[in-house]
Amino acid sequence: MIDRRTFSAAAVAAPAAGLLAATPASAAPHTPAAHAPAPSATPPATPAPRARNVVLVHGAYTDGSSWTEVIKRLQAKGFTVTSVQNPLSSVAADVDATRRVLDLQDGPTVLAAHSYGGVVISQAGDHPAVTSLVYVAARAPEAGEDYGALAARFPTPPASAGLVFRDGFGQLTEEAFLDDFANGVDQDTARALYVVQGRIAQDLFATRTTAAAWRDKPSWYAVSKRDRTASPDLQRFVAQRMGARTVELDSGHLSLVTHPREITDLIVSAAGH
């Protein structure tokens, strides 16, 4: 379930009524771990123009099919949706793949990402078609930031122990994927997602971005409270830092799979509907 707080912002319209709660992250009562740095909050940008296009960016260990349930709901609401297929061979390659899709959009576009995909949209989100950003349990680096060093100041999630590399590329073990990455996902779906897991380049997480699109674009964030892949406190930290309108879900890392209605509603809100 989403936190009981309610959206005070006018950005939540009737199509997003399924959201039980959302607040600017700066109003959230949760405090990051005591050893974590205090975020320098960025005031939320002005409301985004209404958008009918949505571009979705998957994270590491998945592919574009992870957005399937969200895609179906967005299409039912009349949105034009494209799910990027990241090669995961480098941040630059993933940004290029996303920019190519953005070049095809015919108007204002919401750019949404899950997990590592937040790195990609933070860099590619400066594209002129993008009017708002949505982060789902996602990384949100500052330009030039050592995100690994930032993450090290928060509790280490258990999924990290299951990342195994071979010949320069890595993936999660089946145990880590099912128990930690896909916790809360039904076993049949989790096993299918494991089969299509993307292998990531060994230096993928070490690459620093040169832009932080959330500095200039209105942003939304979905925190996963039961996440075993990305620290929930780290998620709250970056959401507050970017001044994002934030919801908290009683979900593991794959909230886009287990809570597609809530994620859809968040994207609809970011689209100005």
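The values are calculated or read from the model by the stated rules, or taken from the named source; none is laboratory data. Note that the structure is predicted; figures quoted are calculated from it, not measured. Quick reminder, even Gly has a Cβ in these numbers, built from the backbone with ideal geometry, and neighbours come from all protein chains shown.
Details
- Given (1) within 18 Å of the chain's Cα centre (by Cα); (2) assigned to a helix (DSSP H, G or I); (3) surrounded by fewer than 20 Cβ atoms within 10 Å (Cβ to Cβ), index of the condition Ala143 fails: (2)
- When restricted to residues that are touching a Lys or Arg at 6+ places or on another chain (Cβ under 7 Å) and either modelled with pLDDT under 95 or among the charged types (D, E, K, R) (or both), the stretch 40-99 contains 6.
- Test: Arg199 is among the basic types (Lys, Arg) and over 18 Å from the mean Cα position of the chain (by Cα): yes
- Residue within the stretch 140-150 that is closer than 23 Å to Arg208 by Cα and either without any contact (Cβ under 8 Å) to a residue 40 or more places away in the chain or of a type in the set (S, T, N, Q) (or both) present: yes
- The lone criterion from (1) surrounded by 24 or more Cβ atoms within 10 Å (Cβ to Cβ); (2) touching a helix residue (DSSP H, G or I) at 6+ places or on another chain (Cβ under 8 Å) left unmet by Ser115 is number (2).
- The set of residues in the stretch 154-179 that are part of a loop (DSSP other than H, G, I, E, B) and more than 15 Å from Tyr116 (Cα to Cα) comprises Phe154, Pro155, Thr156, Asp167, Gly168, Thr173.
- Residue under evaluation Val136, criteria (1) of a type in the set (Val, Ile, Thr); (2) surrounded by fewer than 24 Cβ atoms within 10 Å (Cβ to Cβ); (3) touching a residue at least 12 places away in the same chain (Cβ under 8 Å), criterion not met: (2)
- Top-ranked residue of the stretch 51-86 - restricted to ones that are touching a residue at least 60 places away in the same chain (Cβ under 8 Å) and over 20 Å from Val257 (Cα atoms), ranked as surrounded by the fewest Cβ atoms within 10 Å (Cβ to Cβ): Arg52
- Odd one out for Leu172 among (1) over 15 Å from the mean Cα position of the chain (by Cα); (2) surrounded by fewer than 23 Cβ atoms within 10 Å (Cβ to Cβ): (2)
- Every pair of residues 6+ apart whose Cβ atoms lie under 6 Å, when the first sits in the stretch 243-271 and is touching a residue at least 24 places away in the same chain (Cβ under 8 Å) and within 13 Å of Phe79 (Cβ to Cβ) while the second is basic (Lys, Arg) and surrounded by fewer than 24 Cβ atoms within 10 Å (Cβ to Cβ): Thr264/Arg73
- When each of Asp126, Asp146 is tested for being among the acidic types (Asp, Glu) and farther than 18 Å from Ala97 by Cβ, the lone residue that passes is Asp146.
- Within the stretch 223-273, the set of residues being basic (Lys, Arg), in contact with a Pro (Cβ under 8 Å, 6 or more places away or on another chain) and in a helix (DSSP H, G or I) comprises Arg236, Arg241.
- Considering the stretch 195-219, the residues that are in contact with an Asp or Glu (Cβ under 6 Å, 6 or more places away or on another chain) and more than 19 Å from Leu111 (Cβ to Cβ) include one that is modelled with the highest pLDDT, namely Val196.
- Counted residues, the stretch 178-194 - those being hydrophobic (A, V, I, L, M, F, W, C) and either more than 18 Å from the chain's Cα centre (by Cα) or exposed (fewer than 15 other Cβ atoms within 10 Å of the Cβ) (or both): 3
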